[in-house]
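Asker: The structure that follows is given in the form of structure tokens.
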Amino acid sequence: MRGREYCATGSTRSRRHRDKALRRFLLHISAAVVFGAPAQAVADDQGAAWNYSLTPYIWLPTIDGALRYELPPGSGGSPTLSVGPTDWLDLLNSGLLISGSADKGRFSLYSDLLYLSMTSKNDGRVLSVEDTVTVPGTRVPIPVSASLNLDTRTDLDGLAWTITGGYRLVATERSNLTAFAGVRYFGVDVSSSWDLAAEISLPGGGVALPAQGQVGSDVDLWDALIGLRGDFDLGEGNWSALYHLDIGSGDSDLTWNAVLGLSYAYGWGDLLLAYRQLEYDQSPGKLIQDFSFGGPGVGARFRFD
């Protein structure tokens with residue numbers, strides 16, 4: 001998918017400096033994780049056996065955020081539409097969620113794949129439209145009253161794929177802690193249609209946004225990640241706690257993903273209960289604005305050699 005945005009407002013100088021600093025930090029930490037493993041640990045792990053796990057899961061997040069579309073020059077303003085907040089089950093057309101890992105001694109590979117296709121009907125609205133005509137070269141937002149929104153529909157197809165390499169910092173009988181670095185891809189193809197009670201007019205005359213319309217766009221985001229994940233036993237039984245936190249930047253201004261949950265061990269693997277929060281935000285003027293997916297999930301982790 002290639003982006004079809006026609007133009008975008010730039011970030012402020014301070015925001016650009018912050019983004020560059022974050023990306024340099026991610027690069028340095030990633031290099032430390034990948035190349036900083038002790039030589040003795042590398043030698044010790046040469047004879048270790050590979051262990052694998054596969055985890056299909058169900059995730060039921062509430063989805064919230066805003067989509068900022070660009071229209072071709074001369075066709076009016078640039079509308080911003082909200083999506084949600086609403087539950088995924090109310091929107092979902094289809095989905096696939098699965099993760100897996102491969103471990104050899106203290107070293108590990110991890111991947112998570114999330115595909116979703118959903119439709120939001122009347123769960124959002126047109127928030128504003130930018131006036132790019134009255135004063136050429138400037139963007140002036142024109143708020144759109146909620147009372148003018150009669151109907152809004154958004155169709156979204158998205159794919160998120162994370163792949164990381166990690167090194168286990170702590171490995172005891174009761175706890176594990178792994179530092180990792182990697183990348184996450186997030187591809188989104190969206191289209192929205194709206195029905196307003198009246199068209200939105202420009203201050204000097206003309207139409208900023210027609211009463212009815214449809215617009216679409218897509219974007220591909222690649223972000224470098226660093227993070228920590230691990231688990232620890234709860235008492236002497238089969239229960240344990242698990243956690244995962246990563247943060248990244250690249251094509252996105254900021255993305256982060258957090259998981260906190262419980263695991264119950266069986267002979268075949270583990271039953272998982274967790275809460276997950278996934279956030280994405282591009283710089284001002286881009287398509288994805290403060291998008292969040294957050295909610296409970298349940299999965300089964302199958303272990304094998």
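Coordinate-derived values only; no laboratory data. The structure displayed is predicted, hence computed values, not measured ones. Neighbour counts run over all protein chains shown; Cβ positions are idealised from the backbone, glycine included.
Asker: Amide H neighbours of residue 254 under 5 Å, counting only residues 5+ apart in sequence or on other chains, H built in-plane at 1.01 Å?
Answerer: 281
Asker: Explain nothing, just compute: Karplus ³J(HN,Hα) = 6.51 cos²θ - 1.76 cosθ + 1.60, θ = phi - 60°, for every residue of the stretch 209-223 in order, whole Hz, x for Gly and Pro.
Answerer: Taking θ as phi minus 60°, the curve returns 8, x, 5, 10, x, 8, 8, x, 6, 8, 7, 10, 10, 10, 10 Hz for the stretch 209-223.
Asker: In the stretch 282-305, which residues have a backbone nitrogen under 19 Å from the label point lying 7 Å from residue 52's Cα in the Cα-to-Cβ direction?
Answerer: 300-305, by backbone N distance to the label point.
Asker: Under the rule of at least 5 residues apart or a separate chain, name every residue whose amide H is placed under 5 Å from the amide H of residue 150.
Answerer: Correct list: 195, 196, 197.
Asker: Hey, another quick one. Taking 0.36 nm per residue of sequence separation and subtracting the Cα-Cα distance, how much length would be gained by fully extending the chain between residue 195 and residue 266, in nm to one decimal?
Answerer: Length gained between residue 195 and residue 266: 20.3 nm.
Asker: Another question about this same structure. Among the chymotrypsin sites (Phe, Trp or Tyr not before Pro) within the stretch 184-284, which fall in a DSSP loop and have no more than 13 other Cβ atoms within 10 Å of their own Cβ?
Answerer: Loop-located and lightly packed - 266, 268.
Asker: Moving on. Roughly speaking, what is the stretch gain from residue 117 to residue 140, that is 0.36 nm per residue apart minus the C-alpha to C-alpha distance, in nm to one decimal?
Answerer: 5.0 nm
Asker: Fewest first, what order do 68, 125 take by the number of other Cβ atoms within 10 Å?
Answerer: Result, fewest neighbours first: 125, 68.
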